[in-house]
């Protein structure tokens with residue numbers, strides 16, 4: 001597993017190191033699910049179409065706020081593994097400026113986590129849809 005990407009924030013490197021410590025994909029899969037279980041759920045009034053991520057087979061909602069110049073994301077899903085993937089994505093992107101988000105190489109980070117090679121095509125597409133949604137929100141902020 002590639003564990004050192006250039007110019008990567010230390011908290012993302014910690015995430016990569018956590019995954020590297022797990023010996024096989026089954027352990028990583030359980031870790032992803034546990035990450036999802038540790039996330040607070042969104043309120044029912046936040047599970048609305050405006051926050052829904054298109055392109056995910058499972059229902060996924062992403063809510064964003066700008067706090068102190070940083071994008072802060074919260075999310076939820078109706079599926080355990082997908083909620084875990086939401087947690088991974090939030091750990092990578094949340095609490096960063098729009099410029100920091102745009103500078104992150106999501107595909108390299110996911111490759112280092114070995115997520116890209118173990119997800120079904122539908123889950124991979126959903127993961128990409130979540131990342132694209134976050135990046136488009138960051139892009140919109142950099143243009144305003």
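Could you pull out the residue among 47, 37 that is surrounded by 15 or more Cβ atoms within 10 Å (Cβ to Cβ) and under 18 Å from residue 74 (Cβ atoms)? Exactly one of 47, 37 is surrounded by 15 or more Cβ atoms within 10 Å (Cβ to Cβ) and under 18 Å from residue 74 (Cβ atoms), namely 47. Kindly check whether there is at least one residue in the stretch 18-30 that is under 23 Å from residue 108 (Cα atoms), surrounded by 11 or more Cβ atoms within 10 Å (Cβ to Cβ), without any contact (Cβ under 8 Å) to a residue 12 or more places away in the chain and touching a helix residue (DSSP H, G or I) at 6+ places or on another chain (Cβ under 7 Å). Within the stretch 18-30 (the criterion being under 23 Å from residue 108 (Cα atoms), surrounded by 11 or more Cβ atoms within 10 Å (Cβ to Cβ), without any contact (Cβ under 8 Å) to a residue 12 or more places away in the chain and touching a helix residue (DSSP H, G or I) at 6+ places or on another chain (Cβ under 7 Å)), the answer is yes, since at least one residue qualifies. Regarding the stretch 78-88, can at least one residue be identified that is farther than 26 Å from residue 25 by Cβ, out of contact with any strand residue (DSSP E or B) (no Cβ under 8 Å at 6 or more places or on another chain) and either modelled with pLDDT of 95 or more or surrounded by fewer than 17 Cβ atoms within 10 Å (Cβ to Cβ) (or both)? No, there is no match, as no residue in the stretch 78-88 is farther than 26 Å from residue 25 by Cβ, out of contact with any strand residue (DSSP E or B) (no Cβ under 8 Å at 6 or more places or on another chain) and either modelled with pLDDT of 95 or more or surrounded by fewer than 17 Cβ atoms within 10 Å (Cβ to Cβ) (or both). The residue list 110, 85, 115, 90 contains one member that is assigned to a loop (DSSP other than H, G, I, E, B) and either within 20 Å of residue 17 (Cα to Cα) or free of Cβ contacts under 8 Å to residues at least 24 places away in the same chain (or both), which is 115.
In the stretch 38-60 there is at least one residue that is part of a strand (DSSP E or B), in contact with a strand residue (DSSP E or B) (Cβ under 6 Å, 6 or more places away or on another chain), modelled with pLDDT of 95 or more and farther than 26 Å from residue 24 by Cα.
The values are calculated or read from the model by the stated rules, or taken from the named source; none is laboratory data. Note that this is a predicted model, so its numbers are computed, not measured. Methodologically, a virtual Cβ is constructed for each residue, glycine included, from the backbone with ideal geometry; neighbour enumeration extends over all protein chains shown.
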